[in-house]
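Read the figures in this text as sums done on the coordinates, not as results from a lab. Since the structure is predicted, the reported quantities are computational estimates derived from the model, not experimental observations. We place every Cβ from the backbone using ideal geometry, glycine too, and count neighbours over all the protein chains shown.
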């Protein structure tokens, strides 16, 4: 097996693991806010000991503040993602994340100060009929999850674009960047906890929740981050983006197998998901074709 083939398998493994995060969100009995707080806290405190002091100080005050700010956006994104799971189910939350490509077509040019790509906007519009089919036969409680999940997708597009700008302009080390961003997630969720002031019993994991939280933090967050960075040494950005778009497929399949969520979903849901995924998968494909055409010209 070549290094490139091994890297591709590692990437697929990571995408499947990301699909499993929605399952863990469903299994953990905590509400979305304490769940996300524990996730980012465990990751942040671990990276504090992994990243040495010199590397933590390298970005300087302004750099660290920028990354903390991005981390706060990520923290709110995770709150919305797991909130959507609690309000609806894992399948719907994952399906909404497929809208990230549409939002990226709008947000990325504004943040990175580049021209709009009309091809991406058209593909984003093609997602809308699929989204209508997904929510058409849902009850109101499920539709609340759809709205929160849509906000989660918008925030994902925003922090991804902010990360791209940070990397292009300042090139911080990945682990250092992860430390500050996850710490930013701790800050924003701690503020939210202070405002909400939930009962102590509702924010402390009990029993099997501790196991799911450790898997979520260390297996689904820190480990996959390291493995994807390693795989990207042998894979292009096009391959990585195309494969990552399969996360909703893996996640929805797992939700159906584990929670039997197919019993609560109308056939139009699956037709809508298929339309959304086709549009999402066409996006990186057409982008790659466009680059080839430009090279030939």
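P(r) for region 1-103, please, calculated from all Cα pair distances in 10 Å bins and given in %. All Cα pairs, binned at 10 Å, distribute as 12, 32, 32, 22, 2 percent. Taking packing as the residue-averaged number of other Cβ atoms within 10 angstrom, the listed peptides 214-220, 45-51 run from highest to lowest as 214-220, 45-51. When only alpha carbons are used to place a centre, region 67-108 and region 131-208 end up 6 Å from one another.
Suppose R0 equals 22 Å; then what is the FRET efficiency for residue 128 and residue 266 from their Cβ-Cβ distance, rounded to the nearest 0.05?
0.75
Working value for region 3-296: equivalent-ellipsoid semi-axes of 28, 27, 18 Å, each the square root of 5 times a Cα gyration tensor eigenvalue, largest first.
Sorting 76-82, 162-168 by their mean Cβ neighbour count within 10 Å, with the most densely packed peptide first, gives 76-82, 162-168. Measuring r between the beta carbons of residue 218 and residue 118 and using R0 = 41 Å, the FRET efficiency lands at 0.45. For region 64-183, the extents of the C-alpha atoms along the principal axes are 47, 34, 16 Å, listed from largest to smallest. When you restrict to C-alpha pairs under 8 Å that are six or more residues apart and normalise by the size of region 3-296, the relative contact order lands at 39 percent.
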